[in-house]
Every structure is written in structure tokens, then in C-alpha cells.
Amino acid sequence: MENKERLIITEHLFSEHKSTVLAALATVKVKGDAELLKSVIQLLHLSDNQSIKSEINDILCSLKQISAVPILIEALQNVNYITIRKEILTGCWMSGLVFRDSLSVFVDIFLETDFLTAFEAFTVIENCFVLENQQASTLEIEKMNNAFSTINSDKKQIFNDLLKILEAGPLKIE
């Protein structure tokens, strides 16, 4: 996609007219690239409109470009996007993208958030992760063991399930 076209689409994403925004999202869905994903995520954060949010969630769930992975990780780490983490996480696992070298991001989110968001982070780790480095897994197991006493009772079962996944050794899901 050319820069000029990307700029026009980005401008339309932030239009005051719902129909213009929805048309821009339809274009992103068909022709979008990873560069536009940053604007789409920002729009998810800013918009209160349910149809716009629904379209964005559809886009996140249908991502197939591996170049989207670092953008998703960056958004998950952005403190301004804490309120939309669950939606981003849902998109991560539903898209089927593979995440490498980001286990700590998902474990941190699992430990720091409510049950529903933690469950989404758990699902990403369980279904979309490739971890070939046992050392990274060991560090996350230690982090989880240190956090055990602070985990709410509603998360204890999935906490134990996640610990078992990590203790099983390197994850290789392709």
C-alpha cells in the first residue's frame, strides 16, 4: 500500500462521521497492512461506538501478517491501552499468529489483570506460542511462583494450568 493511500485511510479512520470510519475499516480489512494496525488499535481505544469496535475486533481476529506481531505486543505493553487489552488478546489468539520471544509479556498480563483478561493471555500462551528457549520458560515459572500468594482465588485454577504448561518445557506450536 502506498503512503498516500495509507494517510487517506488513517484520516478517514478518525473522521467524525461513523459511515466514513466504517468504510475506512472495511478498506483496512481488505487491503490493510501492519502499518495501519497502529491507527486501528488507537481507534479501538478512542471510540465509544459499538459498531466501530465490533469491526475493529473482526480485523484483529483475522490478522494473518506476521508483521502485525510486534505491533500487537507494543499495544499490549502500552499503559494507555490497558482498557482494551482483552480485545487485543482475543485478536492475538483468534488470528492464529505465532508469538516468539514475548512470553514475559503474556505472563505479566496474566498475573496483573482480572480473570477475563488473564484467561485471554492464558489462551494466547496455550494456543499461539512458540518457545524454544527453556531459560525463558524457567524465568517465567519463577515469576509465577513468586506471585502465587497474590493471585485471586478466581484465577487459581488457570494459574495452575499455566504453570503446568510452562513446566512441561519448551512450547513448540506451529
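Please treat every number below as a calculation from the coordinates, not as lab data. Predicted model, so just to flag it, every value in this text is computed and none were measured.
Here the sum of -39500 (n - 2.57) over DSSP H runs of 4 or more residues, divided by the residues of the chain, equals -21500 deg cm²/dmol at 222 nm, to the nearest 500.
For the chain, the extents of the C-alpha atoms along the principal axes are 49, 30, 21 Å, listed from largest to smallest. Among the lysines of the chain, pairs at least eight places apart or on separate chains and with Cα atoms under 16 Å apart come to 16.
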